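In what follows, a structure is listed as structure tokens, so that the remarks can point back to it.
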Ligand code: OGA
Ligand code: NI
């Protein structure tokens, strides 16, 4: 029975034997229709005609952080976090050659024969390096239109996962993640400085970034982008995300109940506030729901890098953001528990924050 002509509505059991990346499905069958188990219920489809293409999310030039314009840049970052929770940065210090090397490695990976990619097959996200399809296939009733390779480094648990990365992308990934991490540290400092947390206090009060993961997302061209999504609406569970996307576009953020396109800007990186910043600032800054749509004509790639606290870090609103008028909105939680909860359920807007809501 052809999977594409008469697909099953049930997700296949998640074993390596029946793994089928969406890329292979598209390539092998010259797909004319979206298979049934990728078709979202009506109310969860993307409705492209209602997407806003004209509201540009802020673009911030970080070169000013190092010269006399630091105050002004910090203010811009604060405003962007308040208004959008999303912004793009230029002059960010992540070298073009390092980014290009990573793109090349990512293309190389997704061009490998299925058999070679399967050497990194990981079922649902678990190990330090893994090839996956959709988000958590074993618990989803509708799949996402993407295949990914993730690379994870968590000194607090599994050590340096990048050592296990495929040889052709290991060096590129180590270099990119190193530069992205330096940027993430700088931006976390700037974000809290915009709330009046000066560097000494930041060092004292803030949990350090520890866990780092990189996703190479591949979204094949889709016969009907109105029926499915590359990634469903969600907020990122960690502290801060730094994403590079190619020129195809497809990332959208939910702003004032409207989906707004994050247009690719050459050389820019997309930054978004994760759930941990929302918790630490007791809601002053909020993580923002975002998603990625598919494209009928072209495959798309994105490479987000996620930065998070150590799994054992205990995260709660910082005392400075809690007072009589602003009681703590979130209970203290071990980051590892928050993260585990996120990965144990399908992506669903910002609902993972309910896990830590104060009673
Ligand atoms: C993610 C994500 C968006 C994109 O992987 O968390 O939001 O544009 N990706 O690929
Ligand atoms: Ni995301």
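The table below lists the values:
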quantity	calculated
Filter result (under 14 Å from residue 353 (Cβ atoms) and more than 19 Å from the chain's Cα centre (by Cα)) within segment 265-285	280, 281, 282, 283
Residue ID - farthest from ligand 2 (Cβ to nearest atom), chosen from residues in segment 226-265 that are buried (at least 21 other Cβ atoms within 10 Å of the Cβ) and more than 20 Å from residue 87 (Cβ to Cβ)	228
Of the criteria (1) more than 11 Å from ligand 2 (Cβ to nearest atom); (2) part of a loop (DSSP other than H, G, I, E, B); (3) within 20 Å of residue 85 (Cβ to Cβ), which one residue 271 fails	(2)
Residue count, segment 252-262 (criterion: within 12 Å of ligand 1 (Cβ to nearest atom) and more than 27 Å from residue 356 (Cα to Cα))	2
Scan of segment 294-314 for residues that are surrounded by fewer than 24 Cβ atoms within 10 Å (Cβ to Cβ), within 16 Å of ligand 1 (Cβ to nearest atom) and outside any strand (DSSP E or B), ordered by number	295, 298, 299
Residue ID - surrounded by the most Cβ atoms within 10 Å (Cβ to Cβ), chosen from residues in segment 283-293 that are under 30 Å from residue 331 (Cα atoms) and near ligand 1 (Cβ under 8 Å from one of its atoms)	290
Sole exception among (1) away from ligand 2 (no atom under 16 Å from the Cβ); (2) in a loop (DSSP other than H, G, I, E, B); (3) farther than 17 Å from residue 185 by Cα for residue 207, by number	(3)
Within segment 215-250, considering residues that are part of a loop (DSSP other than H, G, I, E, B) and closer than 22 Å to residue 162 by Cβ, the one farthest from ligand 1 (Cβ to nearest atom)	239
Residue count for segment 23-56, restricted to those that are touching a strand residue (DSSP E or B) at 6+ places or on another chain (Cβ under 6 Å) and either outside any helix (DSSP H, G or I) or modelled with pLDDT of 95 or more (or both)	4
Identity of the residue in segment 274-293, part of a loop (DSSP other than H, G, I, E, B) and away from ligand 2 (no atom under 11 Å from the Cβ), that ends up farthest from residue 209 (Cα to Cα)	293
Filtered residues of segment 172-197 (kept if without any contact (Cβ under 8 Å) to a residue 24 or more places away in the chain and within 23 Å of residue 122 (Cβ to Cβ))	174
Filter result for residue 342 (in a helix (DSSP H, G or I), away from ligand 2 (no atom under 16 Å from the Cβ) and under 15 Å from residue 235 (Cα atoms))	no
Filtered residues of segment 321-359 (kept if closer than 25 Å to residue 155 by Cα, surrounded by fewer than 14 Cβ atoms within 10 Å (Cβ to Cβ) and touching a residue at least 40 places away in the same chain (Cβ under 8 Å))	344
First in segment 237-250 and at negative phi, second anywhere and within 11 Å of ligand 2 (Cβ to nearest atom) and assigned to a loop (DSSP other than H, G, I, E, B), Cβ under 7 Å, 6 or more apart	237/274; 238/274; 239/274; 240/274; 241/274
Residue within segment 334-348 that is more than 16 Å from ligand 1 (Cβ to nearest atom), under 21 Å from residue 203 (Cα atoms) and over 21 Å from the mean Cα position of the chain (by Cα) present	no
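Rundown of residues vs (1) assigned to a strand (DSSP E or B); (2) more than 20 Å from the chain's Cα centre (by Cα); (3) surrounded by fewer than 17 Cβ atoms within 10 Å (Cβ to Cβ), yes/no style:
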residue	(1), (2), (3)
132	yes, no, no
144	no, no, no
156	no, yes, yes
171	no, yes, yes
175	no, no, no
179	no, no, no
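The values are calculated or read from the model by the stated rules, or taken from the named source; none is laboratory data. If you're wondering where the values come from, they're calculated on a predicted model, not measured in any experiment. Please note: Cβ atoms are built from the backbone with ideal geometry, for glycine as well, and neighbour counts cover all protein chains shown.
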